[in-house]
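The values are calculated or read from the model by the stated rules, or taken from the named source; none is laboratory data. None of these values were measured; they are calculated from a predicted model. All Cβ positions, glycine included, derive from the backbone under ideal geometry; neighbour counts span all protein chains shown.
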């Protein structure tokens, strides 16, 4: 009764367990523990590799660990699964943070400014 899709003959996790790992990884990330978050999120992503929200959370944790290039790979994979979300402001911020973590400042600046409204939503004077 395994709902996961693990690879390589290893044990698979039920979808609920992978979801719990995602949730706990998110909590660790928000509490400033990106390394712990990354371990849990990598385990969850191994069993749910086609889950864009999970992949975006993993990318945020990897960026926070300074693994910008790996985070960009994960974001690229998430973008193939959910192309519409890739142009959203939150995804552009994630990509910009990954680019910064990878030492690619000019590309990060461009990612922040990407899109018709830019990162600030195109807000003029309030």
(request) Only residues that are surrounded by fewer than 22 Cβ atoms within 10 Å (Cβ to Cβ), free of Cβ contacts under 8 Å to residues at least 40 places away in the same chain and under 18 Å from residue 79 (Cα atoms): list them for the range 39-49, please. (result) 42
(request) Pull up the range 13-38, narrow it to residues that are surrounded by 20 or more Cβ atoms within 10 Å (Cβ to Cβ) and modelled with pLDDT under 95, then point me to the one that is farthest from residue 73 (Cα to Cα). (result) 13
(message) Checking residue 90 against (1) exposed (fewer than 14 other Cβ atoms within 10 Å of the Cβ); (2) at pLDDT below 90; (3) within 23 Å of residue 37 (Cα to Cα): exactly one of these is not met. Which one?
(response) (2)
(request) Output the number of residues of the range 18-38 satisfying the condition of being in contact (Cβ under 8 Å) with a residue 12 or more places away in the chain and more than 18 Å from residue 93 (Cβ to Cβ). (result) 9
